[in-house]
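Only one structure is covered here, and it is reproduced in the block below.
Just so you know, all these numbers are worked out from the coordinates, no wet-lab data involved. Model, not experiment: these values are computed from the prediction. Virtual Cβ from ideal backbone geometry, glycine too; neighbours counted across all protein chains shown.
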Amino acid sequence: MAIKDQNDSPAPRKRKSQTSSASLAGTGGDNSSPEVINAASAGDMPEQQRKDLDMIHFRDRLFEEMTRLEEERDYLRRSAGDMDGNLPEDAESEDDTADLATSLMDKEMDMTVEEEIEETMTAIEHALQKIQDGTYGICDVSGQPIRKSRLELLPWASLTAEMQEMAEGS
């Protein structure tokens, strides 16, 4: 079966085996660097269920956010390593105890932020896979379209706002 492009001329449908490995990058494949992923052309993308969304725009937004989060995570890891050498080993005075408590609390907060970064990165990888599968912008639970305005705010959203509220128990 042939699909029609914007000029209404028939275009052959691509089989999964015809999709280049570059278009699989960042979605769990071996070539997950942003450079390889960005090298994938629009022609490598499968037919999408959501014709109202610019998949290249959202793919680029997801890559930009992934890069930003990787940099932030790396910064946190470097600063945590720097802080380890500055922790007082023996709290001999009240000042040392307060410094140790503050340092430990700062480190715990950094670890919490890093966990949130990792969760968002996982959600971004899921969104990239949904683009690859042709299901981006479709709620994982209800199968309903996710509002474009929601995707602009959270390009990695995999649930409609209503399903997200239900999932959070609100």
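For Ile138, which sequence-distant residues (separation of 5 or more, or a different chain) have an amide H within less than 5 Å of its own amide H, given hydrogens modelled in the peptide plane?
Those lying under 5 Å, H to H, from Ile138 are Ile146.
Could you work out the local net charge near Leu153, counting Lys and Arg as +1, Asp and Glu as -1, over the other residues with Cβ closer than 14 Å to its Cβ? Don't jump to the answer; show the numbers that get you there.
Values: positive: Arg61, Arg147, Lys148, Arg150; negative: Glu65, Glu152.
Local charge sum for Leu153: +2.
Classify segment 116-170 from the C-alpha gyration tensor, please: rounded if a/c falls under 1.5, else prolate or oblate depending on whether a/b exceeds b/c.
Numbers: a/c = 1.61, a/b = 1.12, b/c = 1.44.
Oblate shape, in that a/c is at least 1.5 and b/c is the bigger or equal ratio.
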